[in-house]
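No lab work stands behind these numbers, since they all come straight from the coordinates. This is a predicted model, so every value here is computed, not measured. Cβ coordinates were reconstructed from backbone atoms using ideal geometry, including for glycine residues, and neighbour counts include every protein chain displayed.
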Amino acid sequence: MDFSLTEEQTIIVDMVRRFVRDEILPLEMSLDPDADEVPPEILTQLTTKTKAMGLYGLDTPPEYGGPDIGMVTRVLIAIECSQHRAGIYVPCYGAFGGARQAQLFEATEAQKEKYLYPMLRGEKRVFFGLSEPSGGSDPARSIQTRAVRDGNDHWVLNGTKLWISGADRADYGLIFARTGGEGRSGVTAFIVETNWPGFNVSRVVHTLRSAKYATEIQIDNLRVPHENILGEEGGGFAIANDRLARQRVPYAAECLGAAIKAHEMAVEYAKIRKTFGASLSSRQGIQWMLVENEIDIRAARLLVLEAAAKSDKGLPFRTESAIAKLVCSENAFKVVDRSMQIHGGLGVAKDLPLERWFREMRIRRIGEGPSEVQKHVIARDIIGSSLR
Amino acid sequence: MAVRLEKPWIDLNISNVAKVAGHLGVYELANKNDEIVYIGVADATSNFGLREKLERELQQPRFGACQFRVEINMAYRTRHIELLQVYFYDRNKLPVGNEDTNPNTLGRLRPGGSIDQR
């Protein structure tokens, strides 16, 4: 079995690696330790370069101006892009575009003109409002935000959303609300503008994460035009599910990139740091930690590439994407933890990126489907029953 | 990361404060002579972090504050203390807006470098 990259993939990986080394790492020296964005003029400079590379808009379909790359190449780029301080949640500070709200590609032409194209041009910010205090892993059951038809033209929404990234600074986004009965077919996706009366971001939910903080949204008699339904009434779950499944693979790969960098740092540090007259790298305890890092990274890499390869072949890859997300997030956390341990006190200091990766990697084991939910998906596919 | 907050000052107005995100961190306020009048912190008790704190400062600017700068930092508590310590080291007093803080409770910092005022 040939695991080597194609010539094109090798060139792309090399380009992205040099971009991170030459553009992002020097830039990061002057940013706040927990920054998650760069000044607009700097972002423009960076995107000029990524556009010149032909890699801007990584998750934008080619017919909308994105690069024509497969999932394997997407994963390889994700692994490279995330190898810097903010890289887990803001790879290259958005210089390569990114997923944003992929569901808007399913919009009507009128909706695309108003909401999709401004987003693609970078003129507007968008949020994704699925999770609620009642739950996020099982939206088909947990969504309690209610949408009630008001005449022929409008719906009135009421409810609360929680863990919604970027809603306080977004121009519009998707709110998933229950228009019907229980279960999947009762959920509808609405495009909502954040300046409409009744849409209130009530607070930032401060967590371990430095980047893309979460918010809580209070929806109070929010009137939404009927034409702002995305897709079909009752079709919201399918839209949400599609996004979650598709993004899971690059999401897993981003965990891997930071883990690789943490491991490299640990190897170098172990060689130079001495205790009791010998380098750390000569100690069996440290060697075994580095070996475990290496194995965890290689295993995760193979699994995420397998999921990507099946996606590229048009084969079902739900089980593989769940395994990839589970293993990448869990293994990457262990790698960062060991690397932090090897660095001793320096590992927990803000002088190095390890403490930020440790905090943010902890959340990766929960976000986009916690590990336990991934196991639920895998078990269901293995055993072949619904497990309900 | 420098011990002293050495970023350029930004005018304290509605437009500039609106651009500040809701992160946790620290901030400094200065008067028209670029003199620091207050060192503040946006901690987890704030609903909207740095932006909320600066919006409040905008409503009632203290001691002639008309400029600000921020640092996004999850270690906001220790960073706030450090900034107060280094200010005290540089000038042998606290900013006029922080005079309710007892400098004896801050601990002593002797960083390298200096500022013009010392």
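Quick look at the values:
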read-out: Span from the segment A:216-292 Cα centroid across to the segment A:68-83 one, whole angstrom; value: 14 Å
read-out: Separation in nanometres of the label points that stand 7 Å from Cα toward Cβ, at A:S142 and B:I10; value: 3.4 nm
read-out: Charge dipole (debye, nearest 20) of the protein assembly as shown; +1 at Cβ of Lys and Arg, -1 at Cβ of Asp and Glu; value: 1180 debye
read-out: Net +/- balance of residues flanking A:S30 in space, Cβ distance below 11 Å, scoring K and R +1, D and E -1; value: -2
read-out: Antiparallel bridges, percent of DSSP beta bridges restricted to chain A (to nearest 5); value: 85 percent
read-out: Convex hull volume per residue in cubic angstrom - Cα atoms of segment A:241-383; value: 105 Å³
read-out: Global form of segment B:10-96, assessed from the alpha-carbon gyration tensor, a/c cut-off 1.5; value: oblate
read-out: Ratio Rg/Rh, restricted to the protein assembly as shown and using Cα atoms, in which Rh is the Kirkwood radius; value: 0.99
read-out: Directionally averaged shadow of segment A:126-230, computed from the convex hull of its alpha-carbon atoms, nm²; value: 6.3 nm²
read-out: Which of A:Y64, B:Y76 has the fewest Cβ neighbours within 10 Å, and the rest in rising order; value: A:Y64, B:Y76
read-out: Under-5 Å amide H pairs with B:G40, H placed in peptide plane, nonlocal only; value: B:Y27, B:E28, B:L29
read-out: Neighbour-limited loop hits for chymotrypsin sites (Phe, Trp or Tyr not before Pro), segment A:265-350 (at most 16 other Cβ within 10 Å; DSSP other than H, G, I, E, B); value: A:F276
read-out: Calculated FRET value between B:C66 and A:V13, using beta carbons and R₀ = 45 Å, to 0.05; value: 0.35
read-out: Candidates per GluC sites (Glu not before Pro) in segment A:258-336, loop by DSSP, up to 15 other Cβ within 10 Å; value: none
read-out: Part-to-part distance (alpha-carbon centres) for segment A:147-204 and segment A:315-381, which is given in Å; value: 30 Å
read-out: HN-Hα J in Hz across segment B:89-103 - Karplus 6.51, -1.76, 1.60, θ = phi - 60°, x for Gly and Pro; value: 4, 6, 10, 6, 7, 9, x, 4, x, 10, 5, 7, 8, 6, x
read-out: Rough spin-label spacing in nm, given labels placed 7 Å along Cα→Cβ, for A:S282 and B:A44; value: 4.3 nm
read-out: Helix A:236-272 axis, angle to chain A major axis (alpha carbon atoms, nearest 10°); value: 20 degrees
read-out: Packing-based exposure ordering (other Cβ within 10 Å, fewest first) of A:E254, A:E193, A:E372; value: A:E372, A:E193, A:E254
read-out: Mean Cα-pair separation over length for chain B, i.e. relative contact order, pairs under 8 Å, 6 or more apart, %; value: 29 percent
read-out: Distance violations [Cα-Cα > 25 Å] among A:K261/A:K325; A:K51/A:K334; A:K124/A:K212; A:K261/A:K350; A:K313/A:K334; B:K32/B:K53; value: A:K51/A:K334; A:K313/A:K334
read-out: Net charge of Cβ neighbours under 12 Å - reference B:C66; Lys, Arg +1; Asp, Glu -1; value: -2
read-out: Least to most buried among B:C66, A:C328 (fewest other Cβ within 10 Å first); value: B:C66, A:C328
